[in-house]
Amino acid sequence: MTDGPTYGFDTLQIHAGSRPDSATGARQTPIYQTTAYVFRDSEHAAALFNLQEVGFIYSRLTNPTVAVLQERIATLEGGVGAVCCSSGHAAQIMALFPLMAPNKNIVVSTRLYGGTVTQFSQTIKRFGWSAKFVDFDDLVSLRAAIDADTRAVFCESIANPGGYITDLPEIAKLADEAGIPLIVDNTSATPYLCRPIEHGATLVVHSTTKYLTGNGTVTGGCIVDSGKFDWSSSDKFPSLSQPEPAYHGLKFHETFGSLAFTFHGIAIGLRDLGMTMNPQAAHYTLLGIETLSLRMDRHIQNAVEIAKWLDADDRVDLVTYAGLESSPYFDRVAKICPKGAGALFTFSIKGGYEACIKFVDSLEIFSHVANLGDSRSLVIHSASTTHRQLSPEQQTAAGAAPDVVRLSIGIENVLDLISDLDRALTAATKS
Ligand SMILES: *Cc1c(COP(=O)(O)O)cnc(C)c1O
């Protein structure tokens, strides 16, 4: 099918990027489990290697199954192109790679997935990059943190783990003023709830491991390019605007226009960093995306009901769900993610760290895992697991204080979920 703007999300989540297989007519996208592709002749091979013709060379760079997924996610996000990779964390490095150089920095929100805080505060230093962590509700500090060496601003749309909603248009304005791209991690929201490009984002990154696949089977990541950033308006992004030595002096922006970032991500990023998504993973994620809108509607319906039930319970202190009217971020839901505030939130249990541990160990339906966005309900005590590497101050800033438990609400029967929580809260708080 041709992907026109006339098709609704529910149609595009099934059809975008996929055509009946040209060799067999197979209706479902085949899993092209192959490493390499035969060149028609030497001239064809040369044209592919020169990027004069788009085609398949080797599956570290491109694969037909992965290509369908790339087109589908790009369409759902309203971008011009996408690059899939091996995990969400790979997507973050791949998004920064064309923009960064030693001694350059990024300005990032304090409210991020725990693994991202570690990646940005520790690991990227090995590349000579650095990150400045700022409260993204404090626009004055955010503006002040951006300096001549800043190459991107990074945040999550619905931020993990606390149900915080980022005021994307305001952040995009500051990035624009500074002439640098805004990168938004849209994992917790998915393009069904929030399309960051419409709010001014330049790049959108995903852990496809989560809601997009939706069944906890594979890890994957994706970077979507809005195609809207002018990489040549300053000398800040030489990999895209100047002759790229890693590709015999090719000028990506001049040659590929709005697709410069996508081509760079494949021809250099995947080629040299090798963080490639495998076709089997792309297959599972394509299957998952077909039901994304149905699942998200049910995730939200269950999350709202459970957040309200917890909020009214005496054993519970604070529920952070932005879908509750009492949330300081309730007004942003209508602006940023009008279909709902997602299905991920935290709450605190009276009794602190020990009560949280007992609670997690007493649940039956909720699984205690370091994951989110599965069809099944999940729970984690972040302070003793995903956010363990952080200082208590960083834990609290990230919404993962010692008395806080995170829930990822699944699509099971909501009454069963509430009984499970009720039983475990009783076990956790009896003295
Ligand atoms: C899980 C997650 C990541 C990392 O993704 P992986 O696929 O586990 O590498 C990044 N950001 C957010 C918001 C996540 O939930």
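The values are calculated or read from the model by the stated rules, or taken from the named source; none is laboratory data. All values reported here derive from a predicted model rather than from experimental measurement. When we count neighbours, we look across all protein chains shown, and the Cβ atoms used for this are built from the backbone with ideal geometry, even at glycine. Quick note on the areas: whole protein, heavy atoms, side chains included, nothing else; ligands and nucleic acids left out. Shrake-Rupley method; radii C 1.70, N 1.55, O 1.52, S 1.80 Å.
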Estimated 222 nm signal from helices in the chain, with DSSP H stretches of n ≥ 4 weighted -39500 (n - 2.57), rounded to 500 | -10000 deg cm²/dmol
Compute the relative contact order of the stretch 265-424 as a whole-number percentage, counting only Cα pairs closer than 8 Å that sit 6 or more residues apart in sequence.
-> 23 percent
Would you work out the relative contact order for the chain, in percent, from Cα pairs under 8 angstrom that are 6 or more residues apart?
-> 17 percent
For the stretch 20-47 and the stretch 405-431, what is the separation of their Cα centres, given in Å?
-> 49 Å
The percentage of the accessible area of the stretch 54-101 (probe 1.4 Å, all protein chains present) made up of carbon and sulfur atoms, to the nearest whole number, is 64 percent
Quick one: if you stick a label point 7 Å off each Cα along the C-beta vector at Ala148 and Ala312, how many nm between them?
-> 6.0 nm
Within a Cβ distance under 9 Å of Thr116, other residues only, what is the Lys/Arg minus Asp/Glu net charge?
-> -2
So which DSSP H runs in the chain come out at 30 Å plus along the axis (Cα) with average Kyte-Doolittle of at least 1.6?
-> none
Restricted to the chain, the DSSP antiparallel beta bridge percent, nearest 5, is 60 percent
Summed over the other residues with a beta carbon less than 13 angstrom from that of Ser207, with K and R at +1 and D and E at -1, the charge totals -2
Give the long-range amide H neighbours of Thr276: residues separated by 5 or more places, or on another chain, with amide H under 5 Å away, using H modelled in the peptide plane at 1.01 Å from N.
-> Ser86
Partner lysines whose C-alpha sits under 17 Å from that of Lys335, ignoring same-chain residues fewer than 8 away, are Lys173
Sulfur and carbon atoms: percent of accessible area, the stretch 126-233 [1.4 Å] = 48 percent
Once a ≥ b ≥ c are taken as the square roots of the eigenvalues of the Cα gyration tensor of the stretch 42-165, is the result rounded (a/c under 1.5), prolate (a/b larger than b/c) or oblate (a/b not larger than b/c)?
-> prolate
For Tyr164, which sequence-distant residues (separation of 5 or more, or a different chain) have an amide H within less than 5 Å of its own amide H, given hydrogens modelled in the peptide plane?
-> Ala159
Those GluC sites (Glu not before Pro) in the stretch 243-337 that DSSP places in a loop and that have at most 12 other beta carbons within 10 Å = Glu325
May I ask you to compute the full-extension gain from Val369 to Gln28, defined as 0.36 nm times their residue separation minus their alpha-carbon distance, rounded to one decimal in nm?
-> 119.6 nm
Under 5 Å, built H, 5+ apart or other chain: amide partners of Ala131 = Ile106
What trypsin sites (Lys or Arg not before Pro) does the stretch 16-111 have in DSSP loop regions with at most 12 other beta carbons within 10 Å?
-> Arg27, Arg40
Using 0.36 nm per residue of separation minus the Cα-Cα distance, give me the extension gain between Ser391 and Gln301 in nm, one decimal.
-> 28.9 nm
Can you pull the percent of the stretch 287-431's accessible area that's carbon plus sulfur, 1.4 Å probe, other chains left in place?
-> 52 percent
Per residue, how much accessible area does the chain show when a 1.4 Å probe rolls over the protein heavy atoms, in square angstrom?
-> 40 Å²
FRET efficiency for Arg60 and Glu354 from the Cβ-Cβ distance with R0 = 51 Å, rounded to 0.05, comes out at 0.60
